[in-house]
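Working notes, beginning with the structure itself.
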Amino acid sequence: MFEVGAWRVPSFKRLLQASVAGAPAVVRQRRGPHDEAPGRPRHLAIIMDGNGRWAALRGLSRTRGHQAGVLALPRVVDTALEEGIEHLSLFFFSTENWNRPRGEVAALMRLTAQLADVFRGYGERGVRLRWLGSEARLPRATLAALRRAEDDTRDNSAMTLAFCFNHGGREEIARAATSLARASADGALDPGLIDEALFTRHLPHADLPDIDMLVRTSGEQRISNFMLWRAAYAELFFVDTLWPDFTGEELRTLLAAFATRKRRFGAGVGPV
């Protein structure tokens, strides 16, 4: 087991850069709507939970736990690329996480700015980085790093990596409702025409498809205000592994389990 507590931030960043750069290049063509692999989720989402408990078990600070959690990211991103996942969404910081201790929040802001810059290296492997979240309260350096990562990778198509930072499912829905209300008040939209498809088009990154498979680590069994609209028919997988210990092999095991699920989207089974 690696020891995170002894690292300084620069050496941590170099270690993460080496982990990203050292993985083999995987470039895949994006599948079309009628060319999906049977039993394979088009959109995989992960709630990365358990960093604090991982640190507590080792007598480390919660910040060191978050650093350890970041080191798990390349393992999962690499596996998703190898398995041909088209969209991978990772929940890193919620709108409710501002209630955590000020020092922990400040550390997460700095860590995210570093992470966004380091993960631009995935752009060379065809990954498009997208940020889902609110600008509210974010430090300028963190916001700028997220925007740079988006801009530098916007033309890539091997896989979309949606980084959910300062994200809240209810906030996202409220933003879409506000957009529709303004369009209606301006006379540009007949409110009677609002349906699910139109509402979806007003969500941030409206082209991101619904979640097929949602994984949460650490044993908690809730979705914690994550992508509430897009998670309506997600297949849920709750695992006891703390996020820093989560591996690509465990993800492959879950993908195999997903392939056995019968997704009916409300349709019945058998004779009436």
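Quick test for you: out of ALA6, ALA45, ALA72, ALA18, pick the one residue that is open to solvent by less than 10 Å² (accessible area, probe 1.4 Å) and at pLDDT below 95. Criteria check complete, one pass: ALA72. Listed here are the strands (runs of 3 or more DSSP E) enclosed by the stretch 61-171 that have at least 3 residues being touching a residue at least 60 places away in the same chain (Cβ under 8 Å) and touching a strand residue (DSSP E or B) at 6+ places or on another chain (Cβ under 9 Å): 87-94, 159-167.
When you look at LEU242, is it among the aliphatic types (A, V, I, L, M) and under 17 Å from GLY169 (Cα atoms), yes or no? No, not satisfied.
In the stretch 118-131, the count of residues that are of a type outside the set (Lys, Arg) and closer than 21 Å to ARG64 by Cβ is one or more. One residue stands out among those in the stretch 131-157 that are farther than 14 Å from VAL20 by Cβ and in contact with a Leu (Cβ under 7 Å, 6 or more places away or on another chain): the one that is surrounded by the most Cβ atoms within 10 Å (Cβ to Cβ), which is TRP131.
Of all residues in the stretch 221-271, how many are more than 20 Å from HIS167 (Cα to Cα), polar (S, T, N, Q) and in contact with a helix residue (DSSP H, G or I) (Cβ under 8 Å, 6 or more places away or on another chain)?
The number of residues fulfilling the criteria is 2.
Total residues in the stretch 172-215 satisfying the condition of being within 28 Å of the chain's Cα centre (by Cα), charged (D, E, K, R) and farther than 23 Å from GLU150 by Cα: the figure is 3. Consider the stretch 88-129 and keep the residues that are of a type outside the set (A, V, I, L, M, F, W, C) and buried (at least 23 other Cβ atoms within 10 Å of the Cβ). The one that is nearest to ASP152 (Cα to Cα) is TYR122.
The values are calculated or read from the model by the stated rules, or taken from the named source; none is laboratory data. Bear in mind that the values here come from a model prediction, so they are computed numbers and not experimental data. Neighbour counts run over all protein chains shown; Cβ positions are idealised from the backbone, glycine included. Keep in mind that these areas ignore ligands, DNA and RNA; they rest on the heavy atoms of the full protein, side chains included. Shrake-Rupley method; radii C 1.70, N 1.55, O 1.52, S 1.80 Å.
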